[in-house]
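Notes for the one structure printed next.
The values are calculated or read from the model by the stated rules, or taken from the named source; none is laboratory data. Just so it is clear, the structure is predicted and the values come from calculations on it, not from any experiment. Here Cβ is always computed from backbone atoms with ideal geometry, including for glycine, and neighbour counts include all displayed protein chains. For accessibility, only protein heavy atoms count, side chains too; no ligands or nucleic acids. Shrake-Rupley method; radii C 1.70, N 1.55, O 1.52, S 1.80 Å.
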Amino acid sequence: LSHGMEQEHAYRFCPSCATPLVRLVKDEDGGPKERLRCPACGFTHWDNPVPVLAAIVELEGKVLLARNAAWQAPFFALITGFMEAGETPEEGIVREVAEETGLVVESLSLVGVHEFKKKNQVIITYHARASGQVTLSPELVEYKLLAPEKVLCWPSGTGFALAQWL
């Protein structure tokens, strides 16, 4: 549970002692706070937002938007992914662009950082000028290359970053 909303991967049991977690109030630095806690060993599930990397991929002056294989609707979005342990956000997004599109990032600049409360994430978005031939990973099924003036932004998450960049 996070911010009063159920999360897809919420903890149910303590990872230390396997006791079922319960919502308990405890005094913290900012005062009393209700969180999932273990009544047996005291483990606290902090449920901090997860950093997600996103790229506004520019290829030959056009913006690349891709559709994820798991999405039912014909929705296209930025290239995104999670950071790996031991890498910087910049290294992570360069890796994600290469893995998901086969493109090589030539230059990278930070666009912005935006919350995505629905998924308990913080999105770090970069503008990535890229080169090469698009070769989609199996998790992406389709892509579009659009002139920047033809791109329509969506009102959440990476859509805010795209609007800021445009």
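Just flag the chymotrypsin sites (Phe, Trp or Tyr not before Pro) in region 12-55 sitting in loop per DSSP whose Cβ has no more than 16 other Cβ atoms within 10 Å.
On the way: sites: Phe13, Phe43, Trp46; in loops: Phe43, Trp46.
Sites meeting the loop and neighbour criteria: Trp46.
Under 22 Å between alpha carbons: how many lysine pairs meet that in the chain, if sequence neighbours fewer than 8 apart on the same chain are excluded? The result is 5. Relative protection proxy for 111-119, 26-34, 124-132, from highest mean packing down: 124-132, 111-119, 26-34 (other beta-carbon atoms within 10 angstrom).
Using a Gaussian network model of the chain in which every pair of alpha carbons under 10 angstrom is joined by a spring, one finds that among Gln72, Gln121, Gln133 the greatest mean-square fluctuation is at Gln72.
Positive-end ranking of Ala18, Ala98, Leu108 along the dipole of the chain, with charges on Cβ about the Cα centre, is headed by Ala18. Highest mean first, the peptides 79-91, 56-68 sorted by other C-beta atoms within 10 Å per residue fall in the order 56-68, 79-91. Here the mean projected area of the convex hull built on the C-alpha positions of the chain is 11.7 nm².
Charged side chains reduced to their Cβ positions (Lys and Arg at +1, Asp and Glu at -1) give region 13-123 a dipole of some 720 debye around its Cα centre.
Based on DSSP H segments of at least four residues, each scored -39500 (n - 2.57), the chain has a per-residue ellipticity at 222 nm of -4000 deg cm²/dmol.
Under 5 Å from the amide H of Val57 lie the amide H atoms of Leu64, Ile79, Ala128, each residue being 5 or more positions distant or on a separate chain, with H modelled from the backbone and absent for Pro and chain starts. Each of Lys118 and Val50 was given a label point 7 Å from its Cα along the Cα-to-Cβ line. The distance between the two points is 1.6 nm.
Computed over protein heavy atoms with a 1.4 Å probe, the carbon and sulfur contribution to the accessible area of region 9-166 reaches 55%.
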